[in-house]
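Below: one structure, written as structure tokens.
The values are calculated or read from the model by the stated rules, or taken from the named source; none is laboratory data. On a predicted model such as this, the values are computed, not experimentally measured, just so you know. Neighbour counts run over all protein chains shown; Cβ positions are idealised from the backbone, glycine included.
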Amino acid sequence: MAVMRIPPAEPPGWGEIPPEPPQAIKDLRDLRDRIDTGKRNAEIIEGQLVVSPKPVLWHEQACTWLDDQLRDAARAKGWFIDRAGEITLPPTDDLIEPDLMVLADADDLPSLESQRPLDHVLLVAEVISRSSIRTDREVKPHACALAGVPLYLLVDRFAKPLTVSLFSIPGPDGYTEVHSVPVGAKLNIPTPFDVTLDTATLPVPR
């Protein structure tokens with residue numbers, strides 16, 4: 001559901017400090033904070049306030065699978081797996097609530113804020129829903145790359161066959177590498193994770 005649209009601003013050059021968001025974006029964030037979304041995700045994407053439908057059961061099963069696959073590595077390195085936080089992505093000014101994030105140095109983070117500092121984000125993961133196909137495949141990975149998020153992981157049940165993809169090496173034009181595997185294959189997540197996802201254990205939607 002989009003309730004307001006704002007023309008996108010020109011992004012700053014790669015590596016530059018982004019300017020303060022325009023007043024219209026600030027107003028949109030204020031509106032987002034004031035409305036009752038029924039605990040559904042409310043994100044600002046491409047100048048729109050987007051409220052997502054409640055997820056199907058398989059979506060939550062896939063998120064739990066991701067959590068399980070990354071849990072040991074995160075615990076060993078003192079990282080935190082976050083399934084409730086939000087991040088702002090300069091220079092696009094998108095504000096997203098990923099299905100899962102991995103955060104470094106969680107003990108240093110403010111514990112009474114919903115916004116997570118971008119420089120603590122090691123990985124963002126999304127499980128595609130019917131309402132978010134374009135957003136999760138195109139918009140979010142591009143915005144995450146511009147913001148310097150090291151890794152973007154995508155579980156796509158609408159691909160044929162179902163695929164799990166890892167976007168890596170962010171740059172000014174997006175991620176420069178994308179590695180996709182069909183369900184049943186293995187997907188390596190590089191340093192600092194050094195984890196191999198066994199997609200054969202991913203629940204299959206039915």
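Remarks
- When residues of the range 148-182 are limited to those that are in contact with a strand residue (DSSP E or B) (Cβ under 7 Å, 6 or more places away or on another chain) and outside any strand (DSSP E or B), the one surrounded by the fewest Cβ atoms within 10 Å (Cβ to Cβ): Pro161
- Screening the range 183-197 for residues that are farther than 18 Å from Glu126 by Cβ and out of contact with any strand residue (DSSP E or B) (no Cβ under 6 Å at 6 or more places or on another chain) and picking the one that is surrounded by the fewest Cβ atoms within 10 Å (Cβ to Cβ) gives Thr191.
- The range 170-204, residues that are without any contact (Cβ under 8 Å) to a residue 12 or more places away in the chain, of a type in the set (Val, Ile, Thr) and within 24 Å of Ser132 (Cβ to Cβ): Thr176
Listed here are the residues, each with its yes/no results for (1) modelled with pLDDT under 65; (2) in contact with a Ser or Thr (Cβ under 8 Å, 6 or more places away or on another chain); (3) of a type outside the set (Ser, Thr, Tyr); (4) at positive phi.
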residue	(1), (2), (3), (4)
Asp27	no, no, yes, no
Ile35	no, no, yes, no
Lys39	yes, no, yes, yes
Ile45	no, yes, yes, no
Trp58	no, no, yes, no
Gln61	no, no, yes, no
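- For the range 45-97, filtering for residues that are of a type in the set (S, T, N, Q) and either within 22 Å of Glu113 (Cβ to Cβ) or surrounded by 20 or more Cβ atoms within 10 Å (Cβ to Cβ) (or both) leaves 4.
- Within the range 100-123, the set of residues being assigned to a strand (DSSP E or B) and touching a helix residue (DSSP H, G or I) at 6+ places or on another chain (Cβ under 7 Å) comprises Leu100, Val102, Leu103.
- Residue check, Pro55 of a type outside the set (D, E, K, R), within 24 Å of Ala185 (Cα to Cα) and part of a loop (DSSP other than H, G, I, E, B): no
- Total residues in the range 100-147 satisfying the condition of being within 16 Å of Trp79 (Cβ to Cβ), touching a residue at least 60 places away in the same chain (Cβ under 8 Å) and surrounded by fewer than 22 Cβ atoms within 10 Å (Cβ to Cβ): the figure is 1.
- Meets criteria (touching a strand residue (DSSP E or B) at 6+ places or on another chain (Cβ under 7 Å) and among the charged types (D, E, K, R)) for Asp94: yes
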